[in-house]
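**Student:** Structure below; questions to follow.
The values are calculated or read from the model by the stated rules, or taken from the named source; none is laboratory data. If you're wondering where the values come from, they're calculated on a predicted model, not measured in any experiment. Please note: Cβ atoms are built from the backbone with ideal geometry, for glycine as well, and neighbour counts cover all protein chains shown. With ligands, DNA and RNA removed, areas are computed over all heavy atoms of the protein, side chains included. Shrake-Rupley method; radii C 1.70, N 1.55, O 1.52, S 1.80 Å.
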Amino acid sequence: MKLVCPRCKSIGDADIEPGTRCPKDCAVLINPRRLKEAQSDPLLGSTIGSHYAIYDVIGRGGMGAVYHARHLKLGRNVAVKTIHSESTDEDNEADLKLRFQQEAQLLSGLRHPGIVTVYDFGEQDDVLYM
């Protein structure tokens, strides 16, 4: 897969692994189709939860996004769902965090081929992720 650095715009080799960092500035290399989008999305080209190198967007909603990422320690591709706590007012922030955590806990206990498996849940800066 050919990936590009969102900061310095250098292009990686054609056979580069997702989650690879740029040798010049250590940003996570991303899908070239997302280069313009990376200017307004601080998570693209970053690492969240110290394990997940985010290199593409799967989808967006009003309060967050789902990213294609690479689990750096396990070497597997994963989807990372995020909710930005800044997308709600202060009165609802605690409720949003609680509901997101409950969703992660509920999903982590379910096992079915039609339901995603949740392996992790956390918060970094103002972003909740699972």
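**Student:** Looking for something of a type in the set (Gly, Ala, Ser) and either closer than 19 Å to residue 49 by Cβ or in contact with a Cys (Cβ under 6 Å, 6 or more places away or on another chain) (or both) - is there at least one such residue anywhere in region 69-76?
**Tutor:** Within region 69-76, the first condition is being of a type in the set (Gly, Ala, Ser), and the residues that meet it are 69, 75.
Subsequent filtering for residues that are either closer than 19 Å to residue 49 by Cβ or in contact with a Cys (Cβ under 6 Å, 6 or more places away or on another chain) (or both) retains 69, 75.
Taking every residue of region 69-76 in turn, at least one turns out to be of a type in the set (Gly, Ala, Ser) and either closer than 19 Å to residue 49 by Cβ or in contact with a Cys (Cβ under 6 Å, 6 or more places away or on another chain) (or both).
**Student:** Let me ask something additional. Please give the number of the condition residue 118 fails out of (1) of a type in the set (A, V, I, L, M); (2) open to solvent by 60 Å² or more (accessible area, probe 1.4 Å); (3) more than 20 Å from residue 4 (Cα to Cα).
**Tutor:** Evaluating residue 118 over (1) of a type in the set (A, V, I, L, M); (2) open to solvent by 60 Å² or more (accessible area, probe 1.4 Å); (3) more than 20 Å from residue 4 (Cα to Cα) leaves (2) as the failure.
**Student:** Ok, one more. Find the strands (runs of 3 or more DSSP E) located wholly in region 1-102 whose residues include 1 or more that are open to solvent by 70 Å² or more (accessible area, probe 1.4 Å) and farther than 19 Å from residue 125 by Cβ, and list them. Spell out the reasoning first.
**Tutor:** Numbers: elements: 52-60, 64-71, 76-84.
It comes to 52-60, 76-84.
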